[in-house]
Amino acid sequence: MNLADRDAGTEARRGVMALCTAATADELARALVGLGAPEAEDLRAPEIGLVMATGRIGGDGRPFNLGEVSVTRAAVRLADGRTGFAYHLGRDRCRARQAAILDALWQGDRAGVEAALAPVARRQAAEQAAEARRIAATRVDFLTLARGED
Amino acid sequence: MYVAVKGGEAAIDNAHRLLAEVRRGDPAVPELTVAQIREQMALLVDRVMAEGSLNDPDLAALALKQARGDVVEAVFLVRAFRTTLPRFGASVPLDTGAMALRRRVSATFKDLPGGQVLGPTFDYTHRLVDFALAEDGAPETVAEAEPREDAAATPRVTDLLGRDGLIEPSPQDDGTPLPDITREPVDYPCDRATRLQALARGDEGFILALGYSTQRGYGRTHPFVGEIRVGTVEVEFVPEELGFPVPLGTVQVTECQMVNQFKGSRAVPPQFTRGYGLVFGQSERKAMAMALVDRALRAGELGEPLASPAQDQEFVLAHCDSLQATGFVEHLKLPHYVDFQAELELVRRLRAEFEAGREAAE
């Protein structure tokens, strides 16, 4: 599937999912408290597994297996029947379950969930900007010198 | 034939308890935490993730703690752990072109679109031991600068050369199923995807030595570093129940595009050829050596004479895995009493026959 085929709703959902992968367990817990800490039942208890990460030969060619990444997945259902899913790098079952609840909530209350996660987005943006500034200071301009014997 | 032995349970149990005590070291010295290993021995953790073929920094750090810092033992622990887990599937191929760059250098072009950034590197350090590190202390404040406007777009060097047809294109995705050496034994000769999977998890020292051997003339490929980039990429996976690529989080990888000397024919004008390296974590040495060996292993495809170890698929792939190598080497220290008894009897018989023959001759 390429980007053009995906609708705006899916893109927004992916955005929230990405934000949850970058959030700490505390941040997700705070967001859930802000949203009334709803009860959820497990559709699938949080489970740790693997995803084979693939790369492309030359960066843009035929795929190959780079190696696996550990992943925790969770699936939940809210009292009103909405379901939510999460797949996160790492082995933190609690975070994955929190993210699955936020995914379920988002499907009924986009603005509310996005507002609850706004502090995470702000922290992430600030960290990325600071990192970009530190990296930018190491940008190098090499000069070619004429060789003495030439 | 290997014949097993029994017994020794109490001694083995006590040896492992002793190991645990020795692992801890002097109890007067504070115990290392997993987070300390992850944060301050980051390149060692990266190596265990790359060769363990499992990206999980906390797990690799814990494995290193358990293994007393022995890389191959830590790789063993990580590989053993992965066998206990189900596999949910394969990721969408990582887009290294969209990498959030921490480092990007080229040895072929000094003025790259998007610029070169050194990032955190040992390059250009004086390699003098810094005795100040023996004491606690905060590092110097990090310099900052406003990123230049062009920094957002960083095309691959190979794409720049490719526009003019000066370099061969990457092999196209033909949709055939990916071979996976963790599921199927390797059949030789094998394709490039299989080789890259083996090299990506191969022992850094072995791959480095093979790459070096090509530079010294054993399968020379005239390499230039087109580009090395280190940074983070998003991993995406399409779960069946969702049907769209779900972002899982980011991993750090190192990519090396090696640009090698030409190949052409009556039908095709001369163009640069390529070797490719990609590994988990920050490891330029491994990514560069991998790219050198990848290119050397393409000798047959490019019509080059096959005369050197680095060009020999079976030699490289069958011996590059540190865990397989250590397993077969180290099994020699396990009890082989029955085998050796058989050898002893054989050598005694041969000696008796030898003596009998000599006496008959006298």
Using +1 on the beta carbon of Lys and Arg, -1 on that of Asp and Glu, and nothing else charged, what's the dipole of segment B:194-235 about the Cα centre, debye to 20? 220 debye
Quick one: length gained pulling residue B:351 to residue B:100 fully straight, 0.36 nm per residue minus the C-alpha distance? 83.4 nm
So how do B:49, B:288 rank on accessible area, 1.4 Å probe, biggest first, that is with the largest at the start? B:288, B:49
Tilt, helix B:204-215 to longest principal axis of chain B (alpha-carbon atoms), in degrees rounded to tens, equals 70 degrees
Taking Cα atoms only, helix B:42-52 is inclined relative to the longest principal axis of chain B by an angle, in degrees rounded to 10, of 60 degrees
What average count of beta carbons from other chains do you get within 10 Å of the Cβ of residues in B:110-117? 3
In square angstrom and rounded to 100, what buried accessible area do you get between chains A and B, total over both, with the probe at 1.4 Å? 6100 Å²
Take chain B, connect every pair of alpha-carbon atoms lying under 10 Å apart with a spring to form a Gaussian network, then pick out the residue of B:209, B:145, B:193 with the largest mean-square fluctuation. B:145
Taking each residue in B:232-245, count the Cβ atoms of any other chain within 10 Å of its Cβ, then average. What number comes out? 5
Could you give the size of the charge dipole of segment A:8-136 about its Cα centre, using +1 on the Cβ of each K and R and -1 on the Cβ of each D and E, expressed in debye and rounded to the nearest 20? 300 debye
Counting heavy atoms of the protein chains only and a 1.4 Å probe, report the per residue accessible area for segment B:9-82 as a whole number of Å². 58 Å²
Simple spin-label model, 7 Å along Cα-to-Cβ: residue B:131 to residue B:188 in nm? 5.2 nm
Considering the dipole of segment B:1-126 built from charges on the beta carbon (Lys and Arg +1, Asp and Glu -1) around the Cα centre, which of B:59, B:105, B:5 is farthest to its positive end? B:105
Pair residue B:141, residue B:340: separation of 7 Å Cα→Cβ label points (nm): 6.6 nm
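For B:148, A:122, what's the largest-to-smallest order of accessible area, 1.4 Å probe?
Descending order: A:122, B:148.
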For chain A, the longest stretch holding no GluC sites (Glu not before Pro) located in a DSSP loop with at most 13 other Cβ atoms within 10 Å is which? A:40-148
Of A:108, A:9, A:33, whose Cα points farthest to the positive end of the dipole of segment A:8-136 (charges on the beta-carbon: +1 Lys, Arg; -1 Asp, Glu; origin at the Cα centre)? A:9
Taking only the alpha carbons of segment B:88-136, the radius of gyration and the largest Cα-Cα distance, Dmax, both in angstrom, are 17.4, 48
Taking θ = phi - 60°, what integer Hz values does the Karplus form 6.51 cos²θ - 1.76 cosθ + 1.60 yield along segment B:94-107, in sequence order, with x for Gly and Pro? 4, 9, 6, x, 9, 4, 7, 6, 10, 7, 7, 9, 9, 9
Round to the nearest 0.05 the FRET efficiency obtained for residue A:24 and residue A:110 when R0 = 30 Å and r is the Cβ-Cβ distance. 0.85
DSSP loop chymotrypsin sites (Phe, Trp or Tyr not before Pro) with at most 13 other Cβ within 10 Å: longest gap in chain B: B:125-362
Are there any trypsin sites (Lys or Arg not before Pro) in segment A:1-80 that are in a DSSP loop and have at most 13 other Cβ atoms within 10 Å? List them by number. none
For the Cα atoms of chain B, what angle does the longest principal axis make with the long axis of helix B:9-24, in degrees from 0 to 90, nearest 10? 40 degrees
Accessible-area order for B:126, A:88, B:222, B:331, largest to smallest, probe 1.4 angstrom, reads B:126, B:222, B:331, A:88
Along segment B:84-92, what does the Karplus equation 6.51 cos²θ - 1.76 cosθ + 1.60 (θ = phi - 60°) give for ³J(HN,Hα), rounded to whole Hz, x for Gly and Pro? 8, 10, x, 9, 6, x, 10, 6, 5
Using a 10 Å cut-off around each Cβ of peptide B:83-96, what is the average number of partner chain Cβ atoms that fall inside? 6
Positive-end extreme of charge dipole, segment B:13-163 - chosen from B:75, B:120, B:133 (charges on Cβ): B:75
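The values are calculated or read from the model by the stated rules, or taken from the named source; none is laboratory data. For clarity, every value in this text was computed on a predicted model and none was experimentally measured. Cβ atoms come from the backbone with ideal geometry, glycine included; neighbour counts cover every protein chain shown. The area values use the complete protein model at the heavy-atom level, side chains included, leaving out ligands, DNA and RNA. Shrake-Rupley method; radii C 1.70, N 1.55, O 1.52, S 1.80 Å.
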